[in-house]
Amino acid sequence: MDYKSVIAKNIANLTELDQEQIFKLIEIPPQKDLGDYAFPCFILAKSLHKAPNMISESLAGEASLTENGMFEVKNAGPYLNFYIDRSRYASDTITKINTAGDKFGQASDGEGQNVIIEFSSPNIAKPFHVGHAFTTILGNSLSRIYDRLGYNVIRMNHLGDYGTQFGKLITAYRLWGDEEALSKDPITELLRIYVKFHEEAKKDPSLDDTARENFKKLEDGSPEEVALWQRFRDLSLVVFNKLYDRMGVSFDNYNGESFYSDRIPAVVDMLKEKNLLEESEGAQVVMLDEYNLPPCIILKSDGTTIYASRDLAAVLYRKDTYNFNKNIYVVGTPQALHFKQVFSVLKKAGYDFADDCVHVGFGLVKFKDMVFSTREGNIVLLEDLLDAAVAKTREVIAENAKLRGQDMSEEEISEIAEKVGIGAVIYTYVKAGREKDIVFSWEEMLNFNGNSAPYLMYTYARIRSIMRKAEAAGVKPSTDLDTLGTLTSDDAYGVISALSSFENDVKKAASIYEPFVISRSLFETASAFNSFYNNCRILGDDVDVKDSEARLALCEAVGNVIKSGLYLLGIETVERM
């Protein structure tokens, strides 16, 4: 049950405020003795012509606020304090979670609504580095969150597969390409010849002319150039998809910049018809003074297009094709101005769906005391980071298994290390607000006792171990409301309170495009559970059977929430560690 919503509804019935407004004002008191929820009455002073403390005293006496014994209501100064009946709270919360299982948090809020999420979008023939991982991980998580809330999610990978660099690549391949190397390691070979092109062009400027000619042929649809471009694109996607598969990432659409190139003339014509294009220093621009933004260039002085014109073509295509309710771009924060300009041009052109387009920015990736032997100079490749994380995790798991006397095969250790290592990398990107810079540290990433994926995954594995022992002992989690209602101790209540916020946290994460709301919720839940675990016996001859059954149900609920939440972040769970 959503207790906060119940409180908001009951207060709304007694005042002139609407329920949504009240919901936003309800607080969680800083001290337990002040209740579980509190409503400040200051906002009612003007309409009721009373002092806030007099209003809270009057409202506290209203029987309808107690919701048939669900709450005890007291006033403290200007606040209404609500104390939840712990027994009912425990039985309601645990029953709801365990009925939903590891899909807890599922909702139908987005039923019938299309949400496009553009993320990852690497450049063809370029290495996939740790910076690309930010958009990939963040976008994948948001896709899962919106999907869990019932939206129809269209995952789009807007590939960087167009531009003059392909004229250079075609030229370089014909001059220096190694067919065997291209088949064996396409990205490395394509990068090698691309770098060589620039080195040689310094000595022989005519190479740039040849590259422009080759790109012109590509634009004109020349079969040979198109075939080479397609091959470079296909080979790059093979490499990218191996990484995507490894990380559990998938897409519904791979339309890159090239897909929209022949749609740009229609955009230019539309802007001309609406008298929005103006000449500025030879370029064609849309003035955006009324939005306090610099002009948006549509065509450069030489008549060529830029990112803005391609993105305008893309968003118009997406609206026509998918009739989106929301169009989300998961792209680095430095591109904020670009998207403001694109959305403002749409708005100025009379397209109100510009308001449904959202730029979700994110910070930079940094390293703390981490040394990599990278294959591309100062670029840290994502594959290298994943491999290193898995290798280090494998050492920790093998050592822990040895210390505990666990019988784990090499194969099992490797499978667990792969999931935990990749989970550790993913969690590093989503454990704080997305606009904060990511600072990688092995000590923090692989800390089994801190705010990390290994800590959450170990908590889940611990619960699975408890459940296996219980099954062997013939003890099952209770579903009896009265039995579940015995979970009223401070330790149990702390866990239940953390669990109860998960549903709203999923919705909040979607509303502000912040997966860290979920990672924070999971960490608080795991911390509360481990405190409960350390202070309260779950199984044993000296534990009453009904107590064991109730505590097992609580364990099950925590396991379901952690598994559900980790999935939404893009992380798999393991049965033991």
**Request:** Please give every one of the aspartates and glutamates within straight-line cross-link reach of Lys216, meaning a C-alpha to C-alpha distance under 13 Å, and leave out same-chain neighbours fewer than 8 residues apart.
**Result:** Asp208, Glu224, Glu225
**Fill in**
Whole-Å distance linking the alpha carbon centroid of region 178-209 with that of region 398-453 is 38 Å
**Complete:** Applied in sequence order to region 250-261, the curve 6.51 cos²θ - 1.76 cosθ + 1.60 (Karplus, θ = phi - 60°) yields integer Hz couplings, x standing for Gly and Pro, of 9, 9, 9, 8, 10, 5, x, 4, 4, 4, 9, 4
**Burial ordering of Phe251, Phe353, fewest other beta-carbon atoms within 10 Å first** = Phe353, Phe251
**Prompt:** By how many degrees, 0 to 90 and rounded to 10, does the Cα axis of helix 206-219 deviate from the longest principal axis of the chain?
**Reply:** 70 degrees
**Fill in**
Taking a ≥ b ≥ c as the square roots of the Cα gyration tensor eigenvalues, with a/c under 1.5 meaning rounded and otherwise prolate when a/b beats b/c or oblate if not, the chain comes out oblate
**Message:** Only counting other Cβ atoms within 10 Å, I'd like His49, His158 sorted with the fewest neighbours first.
**Reply:** His49, His158
**Prompt:** Applying the Karplus parametrisation 6.51 cos²θ - 1.76 cosθ + 1.60 with θ = phi - 60° to the phi angles of region 400-408, what ³J(HN,Hα) value in whole Hz is obtained for each residue in order, glycine and proline being reported as x?
**Reply:** 5, 5, 5, 5, 8, x, 6, 8, 10
**Prompt:** For Ile466, Ile55, Ile512, what's the fewest-to-most ordering of other Cβ within 10 Å of each Cβ?
**Reply:** Ile512, Ile466, Ile55
**Request:** For Ser58 and Tyr307, calculate 0.36 nm times their separation in residues minus their Cα-Cα distance, and state this gained length in nm to one decimal.
**Result:** 83.6 nm
**Prompt:** Does region 158-229 come out rounded, prolate or oblate by the C-alpha gyration tensor, with a ≥ b ≥ c the root eigenvalues, rounded set by a/c under 1.5 and, if not, prolate when a/b is larger than b/c and oblate if not?
**Reply:** oblate
**Asked** Cα to Cα, under 26 Å, and not fewer than 8 places away if on the same chain: which lysines meet these conditions relative to Lys476?
**Response** Lys96, Lys103, Lys546, Lys563
**Item:** ³J(HN,Hα) computed for each position of region 453-470 - Karplus, 6.51 cos²θ - 1.76 cosθ + 1.60, integer Hz, glycine/proline x
**Value:** 5, x, 5, 5, 5, 5, 4, 5, 4, 4, 5, 5, 5, 4, 5, 5, 5, 5
**Asked** Between rounded, prolate and oblate, where does region 114-169 land on the alpha carbon gyration tensor, with a ≥ b ≥ c its root eigenvalues, rounded for a/c under 1.5, else prolate if a/b exceeds b/c?
**Response** oblate
**Message:** Going by amide H atoms built from the backbone, whose H comes under 5 Å of the H on His129, apart from near neighbours?
**Reply:** Leu382
**Prompt:** Taking H as built 1.01 Å from N, whose amide H comes closer than 5 Å to the amide H of Val358, not counting residues under 5 places away?
**Reply:** Asn327, Ile328, Tyr329
**Asked** Near the amide H of Ala76, under 5 Å away, which other amide H atoms are found, from residues 5 or more places off or on another chain, if H is placed in the peptide plane?
**Response** Asn81
**Item:** Student exercise, region 426-569 dipole from Lys, Arg, Asp, Glu Cβ charges, in Debye to nearest 20
**Value:** 440 debye
**Asked** Straight-line reach from Lys184: which lysines have Cα under 24 Å away, leaving out those fewer than 8 places along the same chain?
**Response** Lys126, Lys168, Lys196, Lys242
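Since every read-out is calculated from the coordinates, none of them should be taken as a lab result. All figures in this text were calculated on a predicted structure; none of them were measured in a lab. With ideal geometry, Cβ positions are generated from the backbone for all residues, glycine too; neighbour counts draw on all protein chains shown.
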